[in-house]
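Chemist: Sharing a structure with you now.
The values are calculated or read from the model by the stated rules, or taken from the named source; none is laboratory data. Because the structure is predicted, anything quoted here is derived from the model rather than measured. Neighbour counts are summed over all protein chains in view; Cβ atoms, including those assigned to glycine, are modelled from backbone coordinates with ideal geometry. The area values use the complete protein model at the heavy-atom level, side chains included, leaving out ligands, DNA and RNA. Shrake-Rupley method; radii C 1.70, N 1.55, O 1.52, S 1.80 Å.
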Amino acid sequence: MARRKKIYEGKAKTLFEGPEPGTLVQYFKDDATAYNAEKRDVIEGKGVLNNRLSEYFMTGLSHIGVPTHFLKRINMREQLIRAVEIIPLEVIVRNYAAGSMAKRMGMEEGTPLPRPIVEFSYKDDSLGDPLVPEEYIIAFGWASQQDLDDMVALALRVNDFMSGVMYGVGIKLVDFKIEIGRLYDGDYQRLVVADEISPDSCRLWDIESGQKLDKDVFRRDLGDLADAYAEVARRLGVMPNTAPQPSKPTLIN
Ligand code: TMP
């Protein structure tokens with residue numbers, strides 16, 4: 001197949017020109033990074049699992065009427081998506097205190113929150129993706145008040161869907177991050193869920209044992225990350241057709 005033109009390379013994914021105008025091919029890499037890329041590794045098979053899991057969640061969302069950028073999975077590591085204009089914000093929804101919120105507020109991880117909390121970080125690695133108030137978002141023109149209202153509504157629908165799906169397989173959705181893009185249809189603009197939804201961008205805890213099944217396994221050196229993601233995929237019945245191939249030939253005596 002002819003080499004596609006690379007449009008953008010991120011930490012965990014690469015975007016290539018798609019086959020039709022207005023489409024892109026999203027390639028899932030095995031690279032894992034944390035703490036603003038200070039910690040990094042290659043986790044064999046992670047990209048394959050995240051491609052499948054993101055397909056599963058995005059397809060489910062579209063079935064309940066939540067618009068996403070996802071069009072179809074192409075192969076084990078690639079999916080066809082709509083090209084959208086990404087709003088430069090990470091939209092974070094929290095059901096339980098954890099991570100940066102637990103630290104900032106001096107709360108014990110796992111404390112239930114009185115209601116889901118939606119917060120925004122400005123996407124800028126050089127600044128460490130700082131938490132920003134809505135005032136900044138409007139004043140700096142990243143989104144309008146109407147966009148913000150729509151983003152919160154979208155994020156809460158994703159939260160209800162993801163919480164239910166995870167609850168069905170014995171997993172607690174502690175928090176997650178999504179990115180939202182603008183799709184233009186003439187003068188009309190629609191906000192859609194973009195990027196990916198995977199254990200890279202969620203906190204997922206086993207309901208019974210509290211075992212972490214998300215990227216905190218990598219961030220906090222808690223075990224094998226690919227095993228944790230494979231467990232999420234297994235419970236959801238989302239397994240790759242073929243197991244990831246070993247990267248090196250194996251010597252047979
Ligand atoms: P935090 O507790 O570190 O702020 O993260 C909250 C949730 O958002 C957690 O599920 C991880 C996810 N997240 C990302 O996926 N990417 C990011 O850059 C950040 C800041 C958070």
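Chemist: By how many nm would the segment from Glu38 to Met239 grow when fully extended, if each residue of separation counts as 0.36 nm and the alpha-carbon distance is taken off?
Modeler: Result: 69.3 nm gained on full extension.
Chemist: Next question. Over the chain, with a single point scatterer placed on each C-alpha, what log10 of the ratio I(q)/I(0) does the Debye formula yield at q = 0.07, 0.09, 0.11, 0.15 1/Å?
Modeler: Taken in order of the listed q values, log10 I(q)/I(0) reads -0.24, -0.39, -0.60, -1.16.
Chemist: Could you tell me the center-to-center distance, by alpha carbons, between the range 171-236 and the range 69-87 in angstrom?
Modeler: Using only Cα atoms to place each centre, the spacing works out to 16 Å.
Chemist: How long are the semi-axes of the ellipsoid equivalent to the range 30-177, from square roots of 5 times the Cα gyration tensor eigenvalues, in whole Å, largest first? Working shown, then result.
Modeler: Details: eigenvalues 115, 81, 73 Å².
Equivalent ellipsoid of the range 30-177: 24, 20, 19 Å, largest first.
Chemist: May I pose another question? Taking 0.36 nm per intervening residue step and subtracting the Cα-Cα distance, what contour gain separates Lys123 from Lys5 on full extension?
Modeler: Between Lys123 and Lys5, full extension yields 40.0 nm more.
Chemist: Also: I need to check one value: relative contact order of the range 6-90, counting alpha carbon pairs closer than 8 Å and at least 6 residues apart, in percent.
Modeler: 25
Chemist: Run lengths n ≥ 4 of DSSP H only: what is the helix-derived mean residue ellipticity at 222 nm for the chain, with -39500 (n - 2.57) per run over all residues, to the nearest 500?
Modeler: -8500 deg cm²/dmol
Chemist: Please go through the range 125-226 and write out the chymotrypsin sites (Phe, Trp or Tyr not before Pro) that DSSP classes as loop and that have at most 14 other C-beta atoms within 10 Å.
Modeler: When the chymotrypsin sites (Phe, Trp or Tyr not before Pro) of the range 125-226 are filtered for loop state and at most 14 Cβ neighbours within 10 Å, Phe140 remain.
Chemist: Return one whole number: the accessible area per residue of the range 26-110 in Å², for a 1.4 Å probe. Each step should come with its number before you reach the end.
Modeler: On the way: 3700 Å² over 85 residues.
Ligands and nucleic acids excluded, the result is 43 Å² per residue.
Chemist: Calculate what fraction, in whole %, of the accessible area of the chain sits on carbon and sulfur atoms when a 1.4 Å probe is rolled over the protein chains.
Modeler: 51
Chemist: Please find, in a Gaussian network model of the chain (springs between Cα atoms separated by less than 10 Å), the residue of Asp147, Asp30, Asp224 whose mean-square fluctuation is greatest.
Modeler: Greatest mean-square fluctuation among the candidates belongs to Asp224.
Chemist: Follow-up question, since we're still on this one. Taking only Cα atoms and a 10 Å spring cutoff, compute GNM fluctuations for the chain and point out the largest among Ala12, Ala102, Ala155.
Modeler: Ala102
Chemist: May I ask you to evaluate 6.51 cos²θ - 1.76 cosθ + 1.60, the Karplus curve with θ = phi - 60°, for each residue of the range 104-109 and list the ³J(HN,Hα) values in order in whole Hz, giving x for glycine and proline?
Modeler: Those phi angles translate into 4, 9, x, 9, 6, 4 Hz.
Chemist: Follow-up. Mind putting together the pair-distance distribution for the range 71-158? All Cα pairs, 5 Å bins, whole percent per bin, short to long.
Modeler: Using 5 Å bins, I get a P(r) of 3, 11, 18, 19, 18, 15, 10, 5, 1 for the range 71-158.
Chemist: Rounded to the nearest 0.05, what FRET efficiency do Ile86 and Leu222 give with R0 = 25 Å and r taken as the Cβ-Cβ distance? Could you check?
Modeler: Result of the calculation: an efficiency of 0.25.
Chemist: Also, quick follow-up: May I ask for the percentage of alpha-carbon pairs in the range 1-49 that lie more than 17 Å from each other? Mind dumping the intermediate values first?
Modeler: On the way: 517 of 1176 pairs.
Tail fraction, whole percent: 44.
Chemist: Over the chain, what is the relative contact order in whole percent, taking alpha-carbon pairs under 8 Å and six or more residues apart?
Modeler: For the chain, the relative contact order is 18 percent.
Chemist: Determine the equivalent ellipsoid of the range 1-115 by diagonalising the alpha-carbon gyration tensor, then write out the semi-axes as square roots of 5 times the eigenvalues, largest first, rounded to whole Å.
Modeler: 30, 19, 14
Chemist: Once you've got the GNM for the chain with C-alpha springs shorter than 10 Å, pick whichever of Arg82, Arg104, Arg73 has the biggest mean-square fluctuation.
Modeler: With Cα springs under 10 Å in the chain, the top fluctuation among Arg82, Arg104, Arg73 is at Arg104.
Chemist: Which pairs in the list Lys11/Lys123; Lys46/Lys212; Lys29/Lys215; Lys11/Lys72 are over 19 Å apart, alpha-carbon to alpha-carbon?
Modeler: Checking Cα-Cα distances, Lys11/Lys72 exceed 19 Å.
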